[in-house]
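Structure first, commentary second.
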Amino acid sequence: MAATQTAEPRPARARTAKQDRCARCGEAFEGLDDRRTQVRAPDLCRSCHLDPRARALPLETDLERGWLGRCVRTLGQLIISPSRSFRAVEEPVDHGRVLAFLALLRLSLWLVAMAWGGQGWALDDGPQGLDRPTVVGVLAGAQFADTLRLWLLMMVPLGLPMLYFFGGILGHLGLALTGGARRSIGASMRAFGLALAPALLLVGVLDVLLIGVGVEPEVWAVILAVAVVSSLWRLAFALSRTHGTSLFRGLLVALLPALLFTSACIGRGLLELERLPFVEVEEDPDEYYIPEI
């Protein structure tokens with residue numbers, strides 16, 4: 001009996017040892033008076049518990065409600081109040097939930113674009129080639145560029161988790177090299193993925209416009225610029241609020257993962273567009289002159 005009584009408190013002590021820091025700011029508790037016990041979430045310190053600016057995302061809190069409604073409310077909160085959306089972080093991070101949210105935004109419109117393009121390809125007896133060589137087509141050949149375009153289009157479901165993974169690593173590495181990161185690398189991946197959610201929705205719209213409608217390159221460039229600028233600003237808030245640092249440092253660190261996202265979008269766009277944006281291609285009539293024999 002004595003052995004049983006002494007063994008019972010050990011799991012309780014192990015649980016409290018793992019929660020020796022605030023789940024929001026990452027600072028160690030100063031004492032028992034500084035700890036604020038949460039019923040359905042990790043414990044918070046006194047200052048974070050009294051902070052009215054922190055708002056948990058519906059994606060991670062309203063688990064009893066419908067999935068689609070939680071995703072819509074989460075997207076709206078990320079757009080309207082990005083600064084408040086990243087102050088509360090529950091670790092360990094549920095990456096599957098975040099990736100499912102991103103897949104709903106990105107792959108739903110990707111499926112629409114594939115269905116639209118597949119219908120046109122079926123009527124035309126196969127995918128159409130490039131009408132005129134793009135930058136990639138000039139350097140590597142139009143046939144290779146067209147094959148690469150179709151291959152990358154079909155690899156979008158695999159590229160989404162890769163972007164989530166490598167973007168989070170770049171953001172966490174930038175924080176580690178500029179003074180240290182208070183939270184785990186999983187929290188950095190969560191911040192990168194959720195901050196990129198509205199931009200991924202715009203990228204899905206671009207897929208529909210490029211494949212189904214054949215939008216002008218200038219329109220594509222404007223929409224992509226809006227997506228890049230908004231994602232950079234939102235990434236700065238996400239990384240700075242997640243790791244409890246200044247907004248200026250978050251903006252500097254966000255440049256590298258934002259560059260990864262931008263380069264992927266530009267590369268895909270150059271394979272779809274017939275010409276560069278804001279560049280008029282003039283054909284030289286002397287180039288096709290056939291002299292009389």
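Going through (1) in a helix (DSSP H, G or I); (2) closer than 29 Å to C25 by Cβ; (3) over 11 Å from the mean Cα position of the chain (by Cα) one by one, T245 falls short only on (1). Among the residues examined, A88 qualifies as at pLDDT below 90 and of a type outside the set (D, E, K, R).
Considering only the stretch 223-242, I want to know if a residue exists there that is outside any helix (DSSP H, G or I) and touching a residue at least 24 places away in the same chain (Cβ under 8 Å). Looking through the stretch 223-242, none of the residues is outside any helix (DSSP H, G or I) and touching a residue at least 24 places away in the same chain (Cβ under 8 Å).
Look at V203 and say whether it is closer than 23 Å to L107 by Cβ and part of a helix (DSSP H, G or I). Spelling it out, V203 is indeed closer than 23 Å to L107 by Cβ and part of a helix (DSSP H, G or I). The set of residues in the stretch 236-264 that are among the hydrophobic types (A, V, I, L, M, F, W, C) and surrounded by fewer than 20 Cβ atoms within 10 Å (Cβ to Cβ) comprises L247, F248, L251, L252, L255, L256, L259, L260, A264. Among helices (runs of 4 or more DSSP H) entirely within the stretch 101-181, having at least 1 residues that are farther than 28 Å from E274 by Cβ and modelled with pLDDT of 90 or more singles out 156-177.
The values are calculated or read from the model by the stated rules, or taken from the named source; none is laboratory data. Because the structure is a prediction, the values reported are computed rather than measured. As a convention, Cβ positions derive from the backbone with ideal geometry for all residues, glycine included, and neighbour counts pool all protein chains shown.
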